[in-house]
1. So, counting K/R as plus one and D/E as minus one, what does the shell of residues with Cβ under 13 Å around Ile40 add up to?
2. In segment 82-142, which GluC sites (Glu not before Pro) are in a loop and have at most 14 other Cβ atoms within 10 Å, using DSSP for the loop call?
3. How large is ³J(HN,Hα) for each residue in segment 146-151, as worked out from phi by the Karplus curve 6.51 cos²θ - 1.76 cosθ + 1.60 (θ = phi - 60°), to whole Hz, x for Gly and Pro?
4. Karplus couplings for segment 111-116 from phi (6.51 cos²θ - 1.76 cosθ + 1.60, θ = phi - 60°), rounded to Hz, Gly and Pro as x?
5. If each residue of separation counts as 0.36 nm, what is the full-extension length gain between Val140 and Asn14 once their alpha-carbon separation is subtracted?
6. Which cross-chain or sequence-distant (5 or more) residues have an amide H under 5 Å from the amide H of Leu143, H modelled 1.01 Å from N in plane?
7. Residue separation times 0.36 nm, minus the C-alpha to C-alpha distance between Ser95 and Glu111: what's the value?
8. Trypsin sites (Lys or Arg not before Pro) within segment 85-157: which are DSSP loop residues with at most 12 other Cβ atoms inside 10 Å?
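What follows draws every value from the coordinates through simple rules; no lab data is involved. Please read these numbers as outputs of a predicted model, since none were measured by experiment. Glycine gets a Cβ as well: all are built from the backbone with ideal geometry, and neighbour counts include every protein chain shown.
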Amino acid sequence: MATTTILLKEDIDNLGGRGEIVKVKSGYARNYLLPQGFAILATKGNIRQVEQERKILLKKAAEEKSTAEAQLEQMQSLRLEFERLAGESGTLFGSVTSMDIADALQEKGYEIDRRKITLKSPIKEIGDFTVPVKLHREVVLELPVTVLVEGEAMKEHLEEEPVDAAAEEAPAAETEEASAEAASTEEE
């Protein structure tokens with residue numbers, strides 16, 4: 001197999017970090033890494049240029065890591081809930097994917113790329129799950145996700161309301177009595 005030596009411009013999972021020189025299969029470099037701008041060919045000139053930029057890259061990497069750590073602190077208390085249709089055995093009709101989680105995070109004001117949400121496979125059953133979200137190469141958020149049966153959240157909400165419902169029924173009964181008294185005074 002033919003290999004090509006490249007210089008990474010971005011962190012690539014299972015390959016290396018920004019600024020590293022790695023050998024990959026030629027097709028992977030030619031068809032994916034180079035056109036996407038994730039890497040450049042490791043020529044003497046490019047290597048010299050990157051070594052000069054290494055200090056800037058290290059500062060940028062440290063800044064990105066501190067930003068990711070600050071975002072981790074903000075998101076630490078975050079919890080996501082999804083409602084889906086499910087069968088009696090708890091198996092979902094459909095699933096909760098990384099795209100669903102990214103959309104839910106976006107609704108809460110966090111812009112996270114769905115590729116940074118590392119679900120091994122989509123969630124296909126009800127329950128509580130912990131989903132790793134890679135904010136930075138070295139910073140990972142363990143995001144708690146709860147999948148409920150559609151309509152179950154409403155049942156829980158209704159179970160909390162009987163106290164309020166009883167309080168509402170009492171004034172309603174008083175108004176009925178008052179209207180009955182008013183009707184009887186009109187008859188007299």
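1. On the way: positive: Lys9, Arg18, Arg30, Lys44, Arg48; negative: Glu10, Glu20, Glu53.
Charge balance near Ile40 sits at +2.
2. Working: sites: Glu83, Glu88, Glu107, Glu111, Glu125, Glu138, Glu142; in loops: Glu88, Glu111, Glu138.
Loop-located and lightly packed - Glu88, Glu111, Glu138.
3. For segment 146-151, the Karplus curve yields 10, 10, 10, 6, 4, x Hz.
4. Listing the rounded values in order: 8, 10, 5, 4, 6, 8 Hz.
5. On the way: separation 126, 0.36 × 126 = 45.36 nm, distance 1.57 nm.
Here the segment from Val140 to Asn14 would lengthen by 43.8 nm.
6. Val131, Val133
7. On the way: separation 16, 0.36 × 16 = 5.76 nm, distance 2.18 nm.
So the chain would gain 3.6 nm between Ser95 and Glu111.
8. Working: sites: Lys108, Arg114, Arg115, Lys116, Lys120, Lys124, Lys134, Arg137, Lys155; in loops: Lys108, Lys120, Arg137.
Those satisfying the criteria are Lys108, Lys120.
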